[in-house]
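Structure record follows, encoded as structure tokens.
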Amino acid sequence: MKHKSLITAVSAWVFFLMLTVQTGIAQTVSVQKPSDYFGFVPGADRMLMDYEQLIGYLQKLDAASPRLKMVEIGKSPMGKPMYIAFFSSETNINNLDRLKEINRELALNPDLSKEKQQKLVREGKVFFIATLSMHSSEVGPSQAAPLIAYELVTTQNPEVLGWMDNVVYMMVPCHNPDGMDFIVENYRKYKGTKYEGASLPRVYHKYVGHDNNRDFVILSQEDTKNIQHIFTQTWFPQVMVEKHQMGSTGPRYFVPPNSDPIAENIDAAMWTWTGIFGQNMINDMTQAGLAGVSQHYAFDNYWPGSTETCIWQNVIAFLTECASAHYATPIYVEPSELAVRGKGLSEYKKSINMPLPWKGGWWRLGDIVQYEITSTRSILKTASLYHDKILKFRNDLCRKNVNLGKTTPPYYYIMPVMPGQQHDESELVNLVNLLGEQGVSVYKMNKDYVLDGQVYHAGDLVVPLAQPFRAFIKEVMEKQHFPVRHYTPGGKIIKPYDITTWSLPLERQITCMEIDKRDKTLEADLSPVKQPFTLLVQPLKGTTAEIFPVSYNESFKAAFLAAGQGLTVERLKKKVTLEGHTLAAGSFVISGDNEKGWDLLDREIKFQPIAVPDKSSLSVEPFHAPRIALIETYYSDMDAGWTRYIFDTYHIHYTVIHPDKIPSTDLNNYDVIVFPSSSKEVLLNGSSGSGSGYYMASYAPEYSKGMGKDGLKKLMSFVDKGGVIVSWEGSTGLFEGNLSINHKKGKKDVVTEKFRLPFRNISKNLQEKGLYVPGSLIRVSLLKDSPLTYGLPHSIGVFSRGWPVFATSVPYFDMDRRVIGWYPEENILMSGYAEHPELLANQPAVVWLKKGKGQLVLMGFCPQFRASTQASYKLLFNALLLPPLK
């Protein structure tokens with residue numbers, strides 16, 4: 001051992017005991033110590049508590065202490081109860097209902113008089129919420145929770161008690177209960193073996209893994225909803241921290257301020273407030289001897305989607321990041337291994353953004369716990385110190401946003417609802433309901449109006465920007481323009497941390513008008529839209545056949561749901577016009593007398609299908625739900641998880657197959673095999689090469705396998721015999737280049753057919769010429785009258801990272817190809833950022849391939865990216881329903 005460990009294996013507990021001596025903590029109530037409850041000190045080497053143990057301990061404290069109240073806020077995606085643990089003075093805990101009312105008034109009432117505001121500020125408390133370990137491999141924050149809780153319910157230190165008089169600390173003990181148990185179970189499985197600390201061979205969530213921190217705009221997951229409703233529906237806290245971990249060989253800790261770029265719709269004072277909290281943290285932590293604390297480093301705050309999305313809803317929100325160990329297993333970091341990434345720190349040296357570098361050595365879970373305890377105490381102290389100013393700021397910002405909505409364009413977003421004005425009414429309904437969940441009020445016009453020369457009709461939907469959450473409304477409803485910032489004048493741009501587009505109307509193909517002229521008469525003649533919003537007027541009872549337009553995403557949901565319930569589902573073979581409604585080929589006709597099936601449809605469908613008393617005159621063909629295999633790798637396969645979520649949401653039945661199981665699986669049991677985005681190396685060999693994400697992946701041997709060459713040959717045989725493969729983005733590389741099929745000839749002889757499918761990926765060449773697309777909305781033109789484009793307009797926006805980009809070639813023998821979607825010559829970038837997008841012009845984006853009796857559909861983008869690109873969903877749905885070759 002070259003360097004003495006920073007602290008011992010029980011460092012957090014030693015630190016906590018030192019703290020009790022320094023601050024005069026004395027236990028006055030009978031509260032069980034964490035070490036007595038768990039049988040180990042939280043943070044001890046190679047020891048982890050699971051979610052049930054964590055909650056059990058907090059419930060025990062709740063029963064023993066008047067300073068703590070546990071409140072259930074909902075269920076996780078897998079049904080585990082989720083909680084807020086409220087810590088404060090006994091008086092505040094007993095007065096939570098009143099304090100909750102004050103929070104709501106300060107957050108949402110722009111019309112408070114100066115006197116009323118001052119009264120509420122004096123009476124109110126700063127609510128500070130911490131969400132812990134949403135990324136379940138980042139175990140430290142949740143493991144630190146019992147020590148923080150124990151201190152707060154037992155302390156007699158006057159300073160800490162003063163903080164608790166002014167502050168209500170809201171701890172979400174674990175943001176991701178399902179993932180926490182997955183990780184702890186996996187760690188315990190390999191503990192004591194050579195594979196201790198092995199990566200979890202699945203996503204650490206029911207569906208989305210690490211992407212749970214990308215879900216706070218669209219709110220697709222139940223745990224996301226539970227947390228976001230705290231900010232927009234129930235408690236309206238003023239301060240929020242989201243606690244994370246990062247890689248092992250950089251700074252030990254990150255606190256705000258963030259690096260550039262930052263969101264331009266956020267009020268300037270919000271950024272200064274996050275800076276105040278961050279500066280106090282780096283000061284308090286450095287004074288406590290905690291080395292390696294950094295700021296203005298690595299993490300920007302330009303894009304919404306993380307838990308800090310609440311900053312657009314007027315919460316002083318920020319994240320912290322702590323260096324990781326191997327879960328609870330200590331690691332040794334050589335000084336020569338320490339490095340930084342360039343945003344805010346170009347060298348691992350003492351600097352203004354890291355005044356006390358960590359020198360290397362042993363790094364333990366106990367160290368992480370110690371950093372979490374100290375940073376949490378610092379935030380509590382700052383929230384208390386600035387009590388009056390924080391509460392006043394919350395209401396001042398509410399008032400300022402409403403005033404901006406009345407004085408600064410845009411003033412409204414208007415979404416028409418007249419028949420034929422929305423391509424997909426079901427997505428319009430979903431958008432309105434999502435805005436309501438996000439705390440945004442939506443209204444409808446009571447009569448026709450003319451604005452900017454455009455006629456709008458009674459019933460059209462209006463989203464005024466004169467609302468407390470104006471910044472959020474503008475951010476998610478407008479087209480995105482990336483704020484380009486450079487490291488030096490004229491130098492390299494500071495690249496975005498994540499994506500650069502999230503425009504809800506554009507991603508859902510919603511017609512939405514941005515209005516830059518205020519009309520007070522219109523404002524006086526609006527009625528609030530009741531939530532949940534629906535366009536279903538007549539209940540679905542099954543007394544007639546109903547036609548569901550193929551242009552609506554939810555029509556595919558209705559078809560799969562109805563088929564699963566035994567109702568008769570058919571598809572129109574050609575376009576028809578009924579009662580003034582034009583229904584395209586591929587639209588679904590549902591009939592039958594299954595009462596349960598119709599009841600389920602009535603509950604799930606939020607638009608009005610077209611009733612058909614007599615369907616005998618319709619030209620239809622049967623709908624058959626395909627037998628689907630979904631390929632999901634062991635490598636934290638988030639895109640496959642998102643695909644599972646979409647399939648479950650739309651009642652699409654499927655079987656998950658891991659790549660290494662393909663050689664032993666009878667593929668004749670499936671009609672369609674779906675390959676979400678993954679690398680060719682992972683699929684084929686079970687190896688990611690250089691790793692990805694925060695960590696180099698390390699898996700136990702049983703999960704480090706791919707399909708191998710035999711599996712790939714089997715897939716090609718599946719296609720050759722009539723099967724369908726649907727693949728997008730990274731996984732399309734599996735089907736590029738030299739391929740082969742073994743054909744049996746007689747009982748013993750095998751003939752190997754070698755071939756190349758008539759396409760290739762040219763994105764590397766385009767990137768060398770300057771193409772750069774860091775997650776943007778790119779326009780794709782679509783081929784008309786193809787089964788793959790049923791229900792789609794002539795062009796849509798797709799989420800693209802600029803790869804792969806296809807080129808096709810003239811095929812030989814039993815192969816063929818068609819370009820189904822391509823990038824147009826002009827107006828390629830719809831939202832976000834791209835360099836040299838003109839290089840994409842006329843290049844294929846969606847390709848249909850034929851081999852033998854089978855088909856492949858390849859897409860150069862994720863059609864269901866993070867469940868947020870509804871405009872391209874139908875490309876996936878149509879591919880699943882692709883008719884067999886004749």
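The values are calculated or read from the model by the stated rules, or taken from the named source; none is laboratory data. Not measured: the values here are computed from a predicted model. Don't worry about glycine lacking a Cβ; one is built from the backbone with ideal geometry, like all the others, and counts go over all protein chains shown. Keep in mind that these areas ignore ligands, DNA and RNA; they rest on the heavy atoms of the full protein, side chains included. Shrake-Rupley method; radii C 1.70, N 1.55, O 1.52, S 1.80 Å.
Which condition does Ala288 not pass, out of (1) touching a Gly at 6+ places or on another chain (Cβ under 7 Å); (2) open to solvent by 40 Å² or more (accessible area, probe 1.4 Å), if it passes all the others?
Unmet condition: (1).
Look at Leu757 and say whether it is at pLDDT 95 or above, among the aliphatic types (A, V, I, L, M) and under 12 Å from Lys851 (Cα atoms).
Working: at pLDDT 95 or above: yes; among the aliphatic types (A, V, I, L, M): yes; under 12 Å from Lys851 (Cα atoms): yes.
Answer is yes for this residue.
Would a scan of the range 210-228 turn up a residue that is under 26 Å from Lys350 (Cβ atoms) and open to solvent by 20 Å² or more (accessible area, probe 1.4 Å)?
The first filter runs over the range 210-228 and keeps only residues under 26 Å from Lys350 (Cβ atoms), leaving none.
Checked against the condition, which is being under 26 Å from Lys350 (Cβ atoms) and open to solvent by 20 Å² or more (accessible area, probe 1.4 Å), the range 210-228 yields no hits at all.
Based on this model, can you work out whether Glu334 counts as open to solvent by 30 Å² or more (accessible area, probe 1.4 Å), more than 23 Å from Pro42 (Cβ to Cβ) and among the acidic types (Asp, Glu)?
Values: open to solvent by 30 Å² or more (accessible area, probe 1.4 Å): yes; more than 23 Å from Pro42 (Cβ to Cβ): yes; among the acidic types (Asp, Glu): yes.
When the stated conditions are applied, Glu334 passes them.
Where in the range 440-484 are the strands (runs of 3 or more DSSP E), entirely inside, with at least 1 residues that are in contact (Cβ under 8 Å) with a residue 60 or more places away in the chain, in contact with a Lys or Arg (Cβ under 9 Å, 6 or more places away or on another chain) and within 17 Å of Lys520 (Cβ to Cβ)? Reasoning before the result, please.
Values: elements: 443-445, 449-451, 454-456, 461-464.
Of the strands (runs of 3 or more DSSP E) lying wholly inside the range 440-484, those with at least 1 residues that are in contact (Cβ under 8 Å) with a residue 60 or more places away in the chain, in contact with a Lys or Arg (Cβ under 9 Å, 6 or more places away or on another chain) and within 17 Å of Lys520 (Cβ to Cβ) span 449-451, 461-464.
Pick from Gly737, Gly723, Gly711: which is open to solvent by less than 30 Å² (accessible area, probe 1.4 Å), touching a Lys or Arg at 6+ places or on another chain (Cβ under 7 Å), at pLDDT 95 or above and not hydroxyl-bearing (Ser, Thr, Tyr)?
When all the criteria are applied, what remains is Gly737.
Condition check: on the phi > 0 side of the Ramachandran plot and either open to solvent by 40 Å² or more (accessible area, probe 1.4 Å) or modelled with pLDDT of 95 or more (or both). Does Gly420 satisfy that?
In short, yes.
I'm told Gly490 meets every condition in (1) assigned to a strand (DSSP E or B); (2) over 21 Å from Thr309 (Cα atoms) except one. Can you identify the failing condition by its number?
Result: Gly490 passes all but (1).
Of the numbered conditions (1) hydroxyl-bearing (Ser, Thr, Tyr); (2) in contact with a strand residue (DSSP E or B) (Cβ under 8 Å, 6 or more places away or on another chain); (3) surrounded by fewer than 21 Cβ atoms within 10 Å (Cβ to Cβ), Ser137 satisfies every one except a single condition; which is it?
In the conditions (1) hydroxyl-bearing (Ser, Thr, Tyr); (2) in contact with a strand residue (DSSP E or B) (Cβ under 8 Å, 6 or more places away or on another chain); (3) surrounded by fewer than 21 Cβ atoms within 10 Å (Cβ to Cβ), Ser137 misses (3) alone.
Does the range 270-305 hold any residues that are more than 27 Å from Lys495 (Cβ to Cβ) and either out of contact with any helix residue (DSSP H, G or I) (no Cβ under 6 Å at 6 or more places or on another chain) or among the hydrophobic types (A, V, I, L, M, F, W, C) (or both), and which are they?
Applying the first criterion (more than 27 Å from Lys495 (Cβ to Cβ)) to the range 270-305 yields 276, 280, 283-291.
Answer for the range 270-305, where residues must be more than 27 Å from Lys495 (Cβ to Cβ) and either out of contact with any helix residue (DSSP H, G or I) (no Cβ under 6 Å at 6 or more places or on another chain) or among the hydrophobic types (A, V, I, L, M, F, W, C) (or both): Ile276, Asn283, Met285, Thr286, Gln287, Ala288, Gly289, Leu290, Ala291.
Kindly check whether there is at least one residue in the range 140-148 that is in contact with a Phe, Trp or Tyr (Cβ under 7 Å, 6 or more places away or on another chain), modelled with pLDDT of 95 or more, over 23 Å from Phe40 (Cα atoms) and open to solvent by less than 10 Å² (accessible area, probe 1.4 Å). It would help to see each step written out before you state the result.
Taking the range 140-148 first, the residues in contact with a Phe, Trp or Tyr (Cβ under 7 Å, 6 or more places away or on another chain) are 146-147.
From what's left, modelled with pLDDT of 95 or more: 146-147.
Those still in the list that are over 23 Å from Phe40 (Cα atoms) too: none.
No, the conditions are met nowhere in the range 140-148.
Results for (1) under 31 Å from the mean Cα position of the chain (by Cα); (2) of a type outside the set (A, V, I, L, M, F, W, C); (3) open to solvent by less than 80 Å² (accessible area, probe 1.4 Å), shown as yes or no for each residue.
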site	(1), (2), (3)
Asn94	no, yes, no
Glu105	yes, yes, yes
Glu123	no, yes, yes
Val126	yes, no, yes
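For the range 164-209, enumerate the residues that are more than 13 Å from Tyr327 (Cβ to Cβ), open to solvent by less than 20 Å² (accessible area, probe 1.4 Å) and not in a loop (DSSP other than H, G, I, E, B).
The answer is Met164, Val167, Val168, Tyr169, Met170, Met171, Val172, Pro177, Asp178, Gly209.
Please specify each residue of the range 519-536 satisfying the condition of being out of contact with any Lys or Arg (no Cβ under 7 Å at 6 or more places or on another chain), charged (D, E, K, R), part of a loop (DSSP other than H, G, I, E, B) and open to solvent by less than 90 Å² (accessible area, probe 1.4 Å).
Once the filter is applied, which keeps residues that are out of contact with any Lys or Arg (no Cβ under 7 Å at 6 or more places or on another chain), charged (D, E, K, R), part of a loop (DSSP other than H, G, I, E, B) and open to solvent by less than 90 Å² (accessible area, probe 1.4 Å), the range 519-536 yields only Asp519.
Restricting attention to the range 283-305, which residues are assigned to a loop (DSSP other than H, G, I, E, B) and farther than 17 Å from Phe482 by Cβ?
First, pick out the residues of the range 283-305 that are assigned to a loop (DSSP other than H, G, I, E, B): 288-292, 295-300, 302-305.
Those that are assigned to a loop (DSSP other than H, G, I, E, B) and farther than 17 Å from Phe482 by Cβ: Ala288, Gly289, Leu290, Ala291, Gly292, Gln295, His296, Tyr297, Ala298.
State which residue pairs qualify: first residue touching a residue at least 40 places away in the same chain (Cβ under 8 Å) and within 23 Å of Lys709 (Cβ to Cβ) and inside the range 646-661, second residue assigned to a loop (DSSP other than H, G, I, E, B) and among the acidic types (Asp, Glu) in any location, beta carbons under 9 Å apart, and separation of 6 or more residues or different chains.
Pro659/Glu632
Could you list, in sequence order, the residues of the range 576-600 that are charged (D, E, K, R), part of a loop (DSSP other than H, G, I, E, B) and at pLDDT 95 or above?
Within the range 576-600, the first condition is being charged (D, E, K, R), and the residues that meet it are 579, 593, 595-596, 599.
Right, trim to part of a loop (DSSP other than H, G, I, E, B) and you get 579, 593.
Hits for the range 576-600: nothing passes.
Any idea how many residues of the range 325-362 are within 20 Å of Gly278 (Cα to Cα) and among the polar types (S, T, N, Q)?
2
Across the range 579-619, what is the total count of residues that are charged (D, E, K, R), in contact with a Ser or Thr (Cβ under 6 Å, 6 or more places away or on another chain) and on the phi > 0 side of the Ramachandran plot? First the steps, then the outcome.
Here is the first cut: in the range 579-619, the ones charged (D, E, K, R) are 579, 593, 595-596, 599, 602-604, 606, 614-615.
Adding the requirement that they be in contact with a Ser or Thr (Cβ under 6 Å, 6 or more places away or on another chain) leaves 606.
So of that shortlist, the ones also on the phi > 0 side of the Ramachandran plot come out as none.
So the answer is 0.
Pairs under 7 Å by beta carbon, first residue among the basic types (Lys, Arg) in the range 32-60, partner in a helix (DSSP H, G or I), six or more apart or different chains?
From residues that are among the basic types (Lys, Arg), the pairs are Lys33/Tyr150; Lys60/Tyr37.
Select, from Thr511, Thr501, the only residue that is assigned to a loop (DSSP other than H, G, I, E, B), of a type in the set (S, T, N, Q) and surrounded by 24 or more Cβ atoms within 10 Å (Cβ to Cβ). Steps first, please.
On the way: Thr511 fails: surrounded by 24 or more Cβ atoms within 10 Å (Cβ to Cβ).
Checking each option against the conditions leaves just Thr501.
Name the residues in the range 604-625 that are polar (S, T, N, Q) and in contact (Cβ under 8 Å) with a residue 40 or more places away in the chain, would you?
Gln608, Ser619
Out of all the residues in the range 580-603, is one or more in contact (Cβ under 8 Å) with a residue 40 or more places away in the chain and under 28 Å from the mean Cα position of the chain (by Cα)?
Within the range 580-603, one or more residues are in contact (Cβ under 8 Å) with a residue 40 or more places away in the chain and under 28 Å from the mean Cα position of the chain (by Cα).
Residue by residue through the range 654-672, note down the ones that are out of contact with any Phe, Trp or Tyr (no Cβ under 9 Å at 6 or more places or on another chain) and in a helix (DSSP H, G or I).
Within the range 654-672, Lys661, Ile662, Pro663, Ser664, Asn669 meet the criteria.
For residues that are open to solvent by less than 20 Å² (accessible area, probe 1.4 Å) and either over 18 Å from Ser259 (Cβ atoms) or out of contact with any Ser or Thr (no Cβ under 6 Å at 6 or more places or on another chain) (or both), tally how many sit in the range 270-285. Give the steps one after another, and end with the answer.
Within the range 270-285, the first condition is being open to solvent by less than 20 Å² (accessible area, probe 1.4 Å), and the residues that meet it are 270, 274-275, 277-278, 281-282, 285.
Those still in the list that are either over 18 Å from Ser259 (Cβ atoms) or out of contact with any Ser or Thr (no Cβ under 6 Å at 6 or more places or on another chain) (or both) too: 270, 274-275, 278, 282, 285.
Qualifying residue count for the region: 6.
Residue by residue through the range 465-476, note down the ones that are touching a helix residue (DSSP H, G or I) at 6+ places or on another chain (Cβ under 7 Å) and either closer than 19 Å to Asp396 by Cα or buried (at least 24 other Cβ atoms within 10 Å of the Cβ) (or both). Can you show your working first?
Taking the range 465-476 and keeping what is touching a helix residue (DSSP H, G or I) at 6+ places or on another chain (Cβ under 7 Å), we get 465-472, 475-476.
Across the range 465-476, the qualifying residues are Leu465, Ala466, Gln467, Pro468, Phe469, Arg470, Ala471, Phe472, Val476.
Restricted to the range 633-671, and to residues that are closer than 22 Å to Gly854 by Cβ and among the acidic types (Asp, Glu), which residue is nearest to the chain's Cα centre (by Cα)?
Of everything passing the filter in the range 633-671, Asp671 is nearest to the chain's Cα centre (by Cα).
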